[in-house]
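Engineer: Can you read through this structure? Questions will come right after.
Every read-out reported here was derived from the displayed coordinates using simple, explicitly stated rules and does not represent laboratory data. What you see is a predicted model, and the numbers here were worked out from it, not measured in a lab. For neighbour counting, all protein chains shown are included, and Cβ atoms are generated from backbone atoms with ideal geometry for every residue, glycine included.
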C-alpha cells in the first residue's frame, strides 16, 4: 500500500513539475528567433502584411521574426509545415482566407484547420468590389441583376482559380440573387483581371486594391462594395447592403496561427504583441497605404470566426458543386 501511495505521489509531483516548467518557459518566451511561414509568394499582399507586422512584433518581443515563404498546393504546403512543427510558439503561420476556403473545396487536405492549428489573432482584411467591363451598360446593382436575368446565364466572370475566394464570392452572389453565369478560372488574379479589362469577361469580384487603379483609369466600372461600409478610396460606390442585400459582407481576411497545443501563455503573449503592433498609429497608416484594414481579435474570437467561415463557404461550394483537386 505504501509503495502504491508513493508511486501516485511521485506521479503528481512529476505533473506539477512539468506544469511549472511549461509555465516558466512560456513566461520567458521568446528566447530565440521565430519563424513566420507565409504560404504564398513574396511581394504579394499576404507577404507584405506579414513582413510589416513581423518587423514591429520583433521589436516588441525582443527576438527576430523571420518570414519564410513556403509555396505550393494552393498554400497547403506551408500550412502543413506549420501544423507538423513543435507547438512551442517558434513557428507561426500568416495566411489569407484561402486556409478556410480550401477546406470547402479540396477533397483531401493534410490538415484540419480547427484541430491542427491554434488561431492567434485575425490581423486584417481587404475589401471586395463587384466590377464590370465598361461595355456592360449598367450603372448600379439593380440594373446589373436585370441584365443577368435577361442574359439567362450567358455572362462570364473570372477568378484566380477553381475554388479561389473570388470564385466562391461570385458564386455566393449568384446564389444570393438566384441567377447563374459562367465561371472562367485563371491561374492567378492578374490573368483574370487582364481578361476583364480586355472584355473577355463581363464581371468579377476583386480585392479592392487590385481593382482600384483600373477603376480610377476608367478601364473598369465599380457597381458595389461588398464590405459593411463604403470604401474611403471610392466613397461614391454604394455597398451591397445599401442596394438591398442587408447583412451581406465579403472580405479577404488574414490571420496568424501556431500549431495546436501551443501553451496558452505563449498564445496570449503572441496575441498581445500582434495587437500592440497593429494598433500603433504608424502601423495602421502603413497597412492602410497597402490597402489593408487592420483589425485584431482574441484567440477565441479568431477561432469562432474560422468556424463560421468554413461553414459558410462549405455551403456555397456544396450548392454549386465546386471541387478543387
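Engineer: So what is the relative contact order for the chain, in percent, with contacts set as C-alpha pairs under 8 Å and at least six apart?
Structural biologist: 26
Engineer: Peptides 90-97, 236-243: what's the order by average Cβ count within 10 Å, highest mean first?
Structural biologist: Descending mean neighbour count gives 90-97, 236-243.
Engineer: Find how much the distance from residue 77 to residue 319 grows on full extension, using 0.36 nm per residue of separation minus their present alpha carbon separation; answer in nm with one decimal.
Structural biologist: Here the answer is 84.4 nm.
Engineer: Another question about this same structure. Determine the shape class of region 280-325: with a ≥ b ≥ c the square roots of the Cα gyration tensor eigenvalues, call it rounded for a/c under 1.5, and otherwise prolate if a/b is greater than b/c, oblate otherwise.
Structural biologist: Cα axes put region 280-325 in the oblate bin.
Engineer: Pull up the DSSP beta bridges for the chain and report the antiparallel fraction as a percent, rounded to 5. List each step's numbers first, then the result.
Structural biologist: Values: 23 of 38 bridges.
Antiparallel bridges: around 60 percent, rounded to the nearest 5.
Engineer: Calculate for the chain the 222 nm mean residue ellipticity that helices alone would give, adding -39,500 (n - 2.57) per DSSP H run of length 4 or more and normalising by residue count, nearest 500 deg cm²/dmol.
Structural biologist: Roughly -15000 deg cm²/dmol at 222 nm, from the helical runs in the chain.
Engineer: Work out the FRET efficiency for residue 162 and residue 55 from their Cβ-Cβ distance, taking R0 = 30 Å, and round it to the nearest 0.05.
Structural biologist: 0.30
Engineer: Further question on the same structure: Can you give the FRET efficiency for residue 180 and residue 219, using 1/(1 + (r/R0)^6), R0 = 25 Å, r = Cβ-Cβ distance, to the nearest 0.05?
Structural biologist: So the FRET efficiency works out to roughly 0.40.
Engineer: Using the basic label-point model (7 angstrom from Cα toward the beta carbon), what is the residue 154 to residue 249 distance in nanometres?
Structural biologist: The modelled label-to-label distance comes out at 3.9 nm.
Engineer: Follow-up question, since we're still on this one. Rounded, prolate or oblate: which fits region 47-98, taking a ≥ b ≥ c as square roots of the Cα gyration tensor eigenvalues, rounded meaning a/c under 1.5, else prolate when a/b beats b/c?
Structural biologist: Judged from the Cα gyration tensor, region 47-98 comes out oblate (a/c at least 1.5, b/c at or above a/b).
Engineer: R0 = 41 Å: FRET efficiency of residue 301 with residue 137, Cβ-based, nearest 0.05?
Structural biologist: 0.40
Engineer: Going highest first, how would you order 176-186, 259-269, 127-137 by mean Cβ packing within 10 Å?
Structural biologist: 127-137, 259-269, 176-186
Engineer: I'd like the distance separating the alpha-carbon centroids of region 123-180 and region 271-292, in whole Å.
Structural biologist: 31
Engineer: Can you tell me how much longer the chain between residue 265 and residue 32 gets when fully stretched, taken as 0.36 nm per residue apart minus their C-alpha distance, in nm with one decimal?
Structural biologist: 82.2 nm
Engineer: Taking the beta-carbon count within 10 Å as an exposure proxy, list 227, 85, 164 from fewest neighbours to most. The partial results should precede the final answer.
Structural biologist: Numbers: 227 21, 85 17, 164 25.
The order, fewest Cβ neighbours first, is 85, 227, 164.
Engineer: Still on this model: Measuring from centroid to centroid over Cα atoms, what is the spacing of region 203-237 and region 56-90 in Å?
Structural biologist: Between the Cα centres of region 203-237 and region 56-90 lies a distance of 32 Å.
Engineer: Work out the P(r) tail for region 170-268: percent of alpha carbon pairs separated by more than 15 Å, whole number.
Structural biologist: Above the 15 Å cut-off, region 170-268 has 70 percent of its Cα pairs.
Engineer: Something else: With the contact rule set at Cα under 8 Å and sequence spacing of 6 or more, what percent relative contact order holds for region 127-225?
Structural biologist: Working: 167 pairs, mean separation 47.1, N = 99.
The value is 48 percent.
Engineer: In nm, give the distance between the simple-model label positions of residue 200 and residue 63, each being 7 Å from the Cα along the Cα-to-Cβ direction.
Structural biologist: 4.8
Engineer: Now for a separate question. Please report Rg (one decimal) and Dmax (integer) in Å for the Cα set of region 92-175.
Structural biologist: In Å, with Rg to one decimal and Dmax whole: 16.9, 49.
Engineer: Can you pull the three principal axis extents for the Cα set of region 127-225, in Å, largest first?
Structural biologist: Ordered largest first, region 127-225 gives principal extents of 29, 28, 24 Å.
Engineer: Taking a ≥ b ≥ c as the square roots of the eigenvalues of the Cα gyration tensor of the chain, is the shape rounded (a/c under 1.5), prolate (a/b larger than b/c) or oblate?
Structural biologist: Prolate, because a/c is 1.5 or more and a/b exceeds b/c.
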